[in-house]
Each structure stands twice: as C-alpha cells, then as structure tokens.
Amino acid sequence: MQIPSYFTASMLALSLVATPALAQQITGAGATFPAPVYAKWGEAAKAATGLELNYQAIGSGAGQTQIFNRTVDFGASDAPVDSAKLKSANLLQFPAVMGALSAIVNIPGVEIDQLKLSGEIITEMYLGKITKWNDPKIVELNKGVTLPNLAIAPVYRADGSGTTYVWTSYLSTVSPEWKSQVGSGTSVKWVAGNGAKGNDGVAATVRQVKGAIGYVENAYAIQNKLTTTQLRNKAGNFVKPSLASFAAAAENADWKNAPDYAINLIDTQGANSWPIVSATFILLPKDPKDTVRSANVMKFFDWAYKNGADIAKSLEYIALPTAVQDAVRASWKAEIKG
Amino acid sequence: MSQTANPPRRRGSIGDMIFQALATGAGILVLVLLGAIIVSLLIGGLPAFRQFGVGFLTGADWDPVKQVFGSVVPIYGTIITSILALVMAVPIAFGIAFWLTELAPNWLQRPVGIAVELLAAVPSIIYGMWGFFVIVPVMAEYVQPFVIDLLGDAPGIGFLFQGPPFGTGIFTAALILGVMIIPFIAATMRDVFQTVPPVFKESAYGLGCTTWEVMRAIVIPYTRISVMGGIMLGLGRALGETMAVTFVIGNTNRISGSIFGPGNTIASLIALEFPESEAGSLKLASLMALGFMLFVISFIVLAISRMLLRTGART
C-alpha cells in the first residue's frame, strides 16, 4: 500500500503544479517581421499576467497554413489575407503592430541618411534601368554628394518573406511599370540583382558588395548600423527613417475604410510620412476549439495594446493608434465565440 | 550480378527463419521507401505538371505573383554547378590519392588521410558560411574584377566572364561544391588504389616503369570502376547540396551566360521558397514537382555511371 499511495500523491502534486501552467499557454506561428516584438511582449506578459506565449516565426505562408488547419491558437501574417479566404476559413483578422522598411546602400563616402532617393529611382534600379550610381537622375537629387562611377547592385530577399511583400508593394504603388511587370508578393520574379537569405543575408551582402542597395526592416538597420537613406514621400518631401516619420504615416492612414483591417500604409499622405510602413496581422478562429485558449490570445493582445507600446518603440516598431485598438476589442467581443 | 543458389535450408531452425524474414524485410523496406518517396513527390507535384504540362520542363519563368512556374533555370543551375565542381574536384582528389598511396612518406600518410576524412565530415552549413564570409569577398574584390578585365572583352569566350563582380554566382557555388566533394572522391580513390595487388606494381617497376607510368598503366586500369563510383558519389552530393549553395549562388531565377553570373539550384530554391508556400497552392505543387525532377536527374546520373562502368568493364 505504501508505494501506490506515494505514487498517487506525487501524481496529484504534479497535476496541481502542471495544470495551471498548461492552461495559460498560447501558441502562435507565422510572420517573421514582427517576431522580435512578439518575443519581448511574450517575456513581459509572462511576468505581468502569467500568459506564456509560444511563438514560432516560420513565415507568413506557413503560419496561414497552420491556422487554416487549426494546429495553433493563432496565426500571424505580414500580408493581409483576402476577405474571401478569411470567410471560408472562419477567421478574424486584426493588426498587432506596425513596422517600417529602410533602404540600405553601400557607396564609399556616403554616410547614414545622407543619400536621397525616390521610389521611382529605386524601381528603375531594381528593373535594371539605372545601372550606375552617378546616373544623372540620382545626381540631380543629391547635389553636394559625390557619387562614384560605380555599378548598382540590387540585393533582394531570396527566401519568401513578408519583408519582400511590403517592399514590392511599395514599388508597385510608386511605379505602374513595376506593378504590371513584376507585381507584389512574398516572392516575385526579380528582374535584376542578386538574392540573399534572410535580413542578415541581405545586410551582409550589401555590406560586402560596393555599390549594393538592399532593403531590411528598420529595426535591423538600426541595430546593425547600416547605411540607410532618405526617401521622397508622397508629399514630395525627403524624410529620414525615424519613429516620428513612421508614426506620421500611421496617423495619416484611413483605418475606418479598411475591410478586415487590411490597412494600406504604403506611401500615405502627410508632409512627414515615411513611405514604407506596414501593419502585421493576427489570424484568430471565430469558432475556437478551445475557448479558454482563444480568450487567452485576446487577453495577451489586450495586454500588449495597453502595455506594449514602449517595448515596440525600443525595437523600432510602432503601436496601433488607440482608436484602432478599441475597434479591435469590439470585433473580438462581437465575432469570437467564447 | 551472379546468381548464387540458396543453400539447402534445415528444417526446424526457427531462429534462422526469423532472421531471414527480418533481413528480407529490411531489404524490401528500402525499395518501399524509395517507391513511396517518388510516388508522394509525383502526387504532390501533379497539379503543377497538369497545369503547365511540358511547359514546366521548358519554361524559364518562376513568377509566384502571376503563378507561372518553370524549372529550366534551377535544373540548369543544378547541372552546371555540379559539373563545374567535378571539373575542379576530380584532378585535385586524384592528386591527393596519388600522393597518399604512392609518394607520401609513411609517417605523413596517416595524418593526411585522417584530415581528408575529417573534411568530409564538416557540415555543409560551415562550408556555406566560410564561402560567404571568406571566399565571396575575395572573389568580389580580387578574382572577378581581374578576370573580367582580362577576359571580359576576349573574342569568342568573353561573354563567359562578364557582369558586375558580386562575388557570389555560379562559379563561386561550383568552387565551394568542389571543395566539399574533394574529400569524398579522394578518400574513395585512395582506398581503391590501395587494393591493387603489390605484385602487379612491383612487376611494372621491375620492367623499369616510372611511378607515373605505373599509375597510368597499372593502377588506374585496375581500379577504373571504383574510381568512377567515387566520382559519382561526389556528383550525387553536389547535385543535392542545399545550404552551402544557397549562401553563395546569388539566388536568381535567370540564366546568365557568364560563369560569374548568379543562378539557382533545385535544392536551394526549394529550401528558400518552402516557408512561404501555402498548403494546396500551385507554388507548393511546383516545388514538389521540382523535387521529383531532382530525383529523376539523380537517377539519370546513376544510370549513366552504371552504363559507363559496364562498357568500361567489357573492354
């Protein structure tokens, strides 16, 4: 009798310890673009609320697949999923946080945020039409900067990625030619240049190849002290990549008329708006298998909306405007069964 | 293949029967696995084959936005990098094996032999990083500008050496692959060179042959088949290599005439595009179909090598 009773006692103790911890766990998978901020939010939320986020940055496409199959509590995607697909999969889509992309260059003698570029010029570089850094079109925008007779080497993400989706959306917005010839997507048919794997691959390639231009998430550019550039926005002003210019872009967005929150933050109005800003999205089943876990996902993002702005800022991401947060909370209440 | 008659089976030895069943099962399992992989790749890739038909094999487009997929560029890249890698690796591997078996002093043979085997055990990601951070800058700074200046305008062959010096590209990928497969080929060659009966070589030396003449007239003819097998082993690894190639090939879906131009291989394209392919999409089917093509290419390479060996054995 002694051994079994000891055994049951220990089992009981184990289940007492294990059950609450398990109930507080939520799982998510998908987008790589917001992965750093989700990781930090996860740590902070665990300390504050006991919710334990297990997020796997496996890529937006794979994240969509996982939530369609309901193998995770929520999916995450950089590109908004279209309404028909959301409907057939019975998912609610809402934005989590916003971020920005920067163009990075490697030209001897050119410093951080010194070079001025426009979307049209970048498009022509990636179409292989402007091939030298001392092209008259670039020189015209950069009086006072000595630009060498150096071949332009465009670099892009070779792996499918949300970053590429945002970048090609920007090029499609500013150039009808790019839109018809290449288009936008997580991977596209590139016309010129070389591909590298991941943000770090693009950054390393740009660093190694003189004359290279590439694109990375701004957080990545700041952390690695890459040579970012100024860009001309829709208002015609040259702006530097900064939290102020990102926030300006977010404020000028038309959130009310975006179905399923599929907001377009590319090349928005406003004198100080940074042109390449994007929201990243969460996909949550409307008919969750496990209502407790689903409620915990909402609890987590509610916490993140309220308390996560500073963390987002420290990583160069931008929190959602308060009005949008409230709208999302209303959607949770109305549409998620719980 | 010679048929050996089964030895007469003794009745009642259950242990023997169980062992035979297990061994047969293990043998059949390999066949079943192979068949299952081919079939599942084919079924997965069927939507792509159905959509594009022969166009999947002849199309040079890989356009996820317009949903047009063709496999010419990755197939070209796979074959050209592997062949270039063999061209670089085989002479060096032969040199290593020749030196180890015929020329090296006894006390050096073992350490160098072990070093070669250790090289074979280095994970491919290490070769990839080494290639990207060490070889690519050297290629971009020195080798490519020099060669492009020297030969870029040469009549006839100039187009092979043109383009901006990125450092990455077909040639760099082939170079890394070459280094990766040298130890495989060298180790095989050394092992088979050692199987030549000493009496053959001694007879040749007795007739006054030089070391090189012994190698050419005795060792190579004697070991030809196994040497070929070692080379095919290296080629097989080069065809399927993923990580190291992804780092240094430049990853573009265009065929460029220049050997310094960027390209793509089947394995690296699959690795890069897989995470952003939704279940049920045409892109995923096309990636599966590409996997099937890689299988077919490997099979053809193996078949050709077998054929070469058979004709070699007959003469």
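The values are calculated or read from the model by the stated rules, or taken from the named source; none is laboratory data. Quick caveat, the model's predicted, so the values are computed rather than measured. Ideal geometry is used to build each Cβ from the backbone, glycine not excepted, and the neighbour counts take in all protein chains shown.
Of the residues that make up region B:223-231, is at least one farther than 21 Å from B:Ile38 by Cα and within 13 Å of another protein chain (Cβ to nearest Cβ)? Taking every residue of region B:223-231 in turn, none turns out to be farther than 21 Å from B:Ile38 by Cα and within 13 Å of another protein chain (Cβ to nearest Cβ).
The strands (runs of 3 or more DSSP E) located wholly in region A:183-242 that include 3 or more residues which are out of contact with any Asp or Glu (no Cβ under 8 Å at 6 or more places or on another chain) and more than 8 Å from chain B (Cβ to nearest Cβ) occupy A:212-217. Restricting attention to region B:158-187 and to residues that are away from every other protein chain (no Cβ under 14 Å) and modelled with pLDDT under 90, the residue that is surrounded by the most Cβ atoms within 10 Å (Cβ to Cβ) turns out to be B:Phe161. Given A:Gln93, A:Gln66, which one is in a helix (DSSP H, G or I) and either under 19 Å from the mean Cα position of the chain (by Cα) or at the interface with chain B (Cβ under 10 Å from one of its Cβ atoms) (or both)? Only one candidate qualifies: A:Gln66. Scanning region B:37-69 for residues that are surrounded by 21 or more Cβ atoms within 10 Å (Cβ to Cβ) and within 14 Å of chain A (Cβ to nearest Cβ) yields B:Trp62, B:Pro64, B:Phe69.
Restricting the first member to region B:95-111 and to residues that are without any contact (Cβ under 8 Å) to a residue 24 or more places away in the chain, and the second to residues that are part of a helix (DSSP H, G or I), the beta-carbon pairs closer than 6 Å and six or more apart or on different chains are B:Gln109/B:Leu100. Evaluation of A:Thr168 against the conditions (1) without any contact (Cβ under 8 Å) to a residue 24 or more places away in the chain; (2) within 30 Å of A:Ala323 (Cβ to Cβ); (3) among the β-branched types (Val, Ile, Thr); (4) surrounded by fewer than 24 Cβ atoms within 10 Å (Cβ to Cβ) shows that the sole unmet condition is (4). For region A:147-169, the candidate set comprises residues that are within 10 Å of another protein chain (Cβ to nearest Cβ) and assigned to a loop (DSSP other than H, G, I, E, B); within that set, the residue that is farthest from B:Thr246 (Cα to Cα) is A:Leu150. Given the condition hydrophobic (A, V, I, L, M, F, W, C), more than 15 Å from the chain's Cα centre (by Cα) and within 14 Å of chain B (Cβ to nearest Cβ), answer yes or no: does some residue in region A:170-177 qualify? Checking region A:170-177: at least one residue is hydrophobic (A, V, I, L, M, F, W, C), more than 15 Å from the chain's Cα centre (by Cα) and within 14 Å of chain B (Cβ to nearest Cβ). Of all the residues in region A:69-84, those that are out of contact with any helix residue (DSSP H, G or I) (no Cβ under 7 Å at 6 or more places or on another chain) and at the interface with chain B (Cβ under 10 Å from one of its Cβ atoms) number 1.
Condition (residue is at pLDDT 90 or above, under 14 Å from A:Gly119 (Cβ atoms) and surrounded by fewer than 22 Cβ atoms within 10 Å (Cβ to Cβ)) applied to region A:214-227: is it met by at least one residue? The answer is no; no qualifying residue exists.
Residue-wise test of (1) part of a helix (DSSP H, G or I); (2) within 25 Å of the chain's Cα centre (by Cα).
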{"position": "B:Ile182", "(1), (2)": "yes, yes"}
{"position": "B:Ile185", "(1), (2)": "yes, yes"}
{"position": "B:Asp191", "(1), (2)": "yes, yes"}
{"position": "B:Glu213", "(1), (2)": "yes, no"}
{"position": "B:Val227", "(1), (2)": "yes, yes"}
{"position": "B:Leu233", "(1), (2)": "yes, yes"}
{"position": "B:Val245", "(1), (2)": "yes, yes"}
{"position": "B:Ser256", "(1), (2)": "no, yes"}
{"position": "B:Gly263", "(1), (2)": "no, yes"}
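Exactly one residue out of A:Gly75, A:Gly50, A:Gly109, A:Gly63 is more than 22 Å from A:Asn296 (Cβ to Cβ) and of a type outside the set (A, V, I, L, M): that is A:Gly109.
Taking the stated definitions as given, is A:Leu141 at pLDDT 90 or above, over 24 Å from A:Gly195 (Cα atoms), surrounded by fewer than 23 Cβ atoms within 10 Å (Cβ to Cβ) and within 30 Å of the chain's Cα centre (by Cα)? In short, yes.
The residue that is nearest to B:Glu241 (Cα to Cα), among those in region B:113-157 that are surrounded by 21 or more Cβ atoms within 10 Å (Cβ to Cβ) and of a type in the set (A, V, I, L, M), is B:Val136.
Of all the numbered requirements in (1) in contact with a helix residue (DSSP H, G or I) (Cβ under 6 Å, 6 or more places away or on another chain); (2) assigned by TED's automatic domain parsing to the domain that holds A:Lys85; (3) surrounded by fewer than 19 Cβ atoms within 10 Å (Cβ to Cβ), A:Thr291 misses one, and that requirement is (1). Please determine whether any residue of region B:75-89 is surrounded by fewer than 14 Cβ atoms within 10 Å (Cβ to Cβ), under 21 Å from B:Phe247 (Cα atoms) and among the small types (Gly, Ala, Ser). No; the residues of region B:75-89 include none that is surrounded by fewer than 14 Cβ atoms within 10 Å (Cβ to Cβ), under 21 Å from B:Phe247 (Cα atoms) and among the small types (Gly, Ala, Ser). The criterion of being closer than 28 Å to A:Tyr165 by Cα, among the small types (Gly, Ala, Ser) and either more than 14 Å from chain A (Cβ to nearest Cβ) or outside any helix (DSSP H, G or I) (or both) does not hold for B:Ala21.
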